[in-house]
Amino acid sequence: MLNTLNDSLYLLAGAFDLFPDAILVVDIAGTIRNANKQVESVFGYTVAELHHQNLNMLLPGRYTQHHHNFVAKFFDTTTIRKMGAGVSLFGRRKDGREIDIDIALSLIETTSGKYALAVVRDISDKMRLVDHISSIEKIKKELEQFSYVLTHDLKAPLQKVKALTHLIHLELPEKESDDIKTMISYINESVDGMESLIHGVLEYHKAKLTKDDTASMVDLNEVFEQAIKLLEIPESFTVKVRQRLPSIIINKTSALQIFLNLISNAISHNKNEKGLLEIGYTVEGDKAVFTFADNGSPIPAALRENLFEISSQIKNAAERKSNGFGLSIVREIVEGNKSQKLWYEDSDLGGTAFKFTWNI
């Protein structure tokens, strides 16, 4: 056992100020007997200002009345407290501002008495980040609820509108006017467009939720075959792979969404008598570079700047009979990992080539 507190501090002197956290030495009465230089960055006080002051000066007023009980209990039980004990603790700076802190406590025993060694860390930035993440999680849940309302509760009235227009059509005279036929056609097209938009919102939201789900090794050849079976590909349009595709680590639903949307996009933009989309890849370092190249038309200059934005896609979706979310969904999946990217170029087939990287 060391003879005095000064003996203890002498042994610690070489390293006392090297610690990144504030360190306080407190006696059983709650008096600060020593501190290191880091207390100034945490609490705003110099070591000299804290010397022989009561520990209460570093606490918010609401804690000072009963804090001596906690000090006494620590010296009675000599329980070591580690950082990250899960209890919210607060300190008070010299300017009166409260800060979130974490504390580790240990005991120093000398012939002159017992002393508490307190290591104090300012975790205000960490707690702000926690609060920020909590806010994001709350917003995420609200978006999930909104997505549910949009995709389920709005579908029912839309179906009723379609049913009513069909009944109106049946009740009209056999020789109804062309104007009435046109209006009914417009109503049905508008309803179909709204249903497509709702479906797009659901798919976009699904992309945001599934990208962080457990990924596994997925054979993209199987994903390609599944996508071809799910899509209605015109007889005049050919989709083929340039070589056997690799297996990558990805959420399987996300992989299918990429193929479905890029193939659908190529079909909807191709006005040639015989459309063609070729899918291939190359390996560059630790990434695979995938290419979806078609023989359609290059992207018009007016659409290039915000091509992957939802608002830009929806504006041009009606004439293509799509929901306008396809490219935005692909970008959400690919660039959800910031080391991956999605872009486009003019293709060697005369149309557009969408390319994206994936870590391998």
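The values are calculated or read from the model by the stated rules, or taken from the named source; none is laboratory data. Quantities reported herein were computed from a predicted structural model and do not represent experimental measurements. Glycine also receives a Cβ, built like all others from the backbone with ideal geometry; neighbour counts cover every protein chain displayed.
Filter region 14-30 down to residues that are surrounded by fewer than 16 Cβ atoms within 10 Å (Cβ to Cβ) and not in a loop (DSSP other than H, G, I, E, B) and give me whichever is modelled with the lowest pLDDT.
Residue satisfying both the conditions and the ranking: 14.
Which residues, taken from region 92-116, are in a strand (DSSP E or B), on the phi < 0 side of the Ramachandran plot and small (Gly, Ala, Ser)?
104, 106, 116
Being modelled with pLDDT of 90 or more and loosely packed, with under 15 Cβ neighbours inside 10 Å narrows it down to one residue among 48, 72; which is it?
Details: 72 fails: modelled with pLDDT of 90 or more.
Residue meeting the stated conditions: 48.
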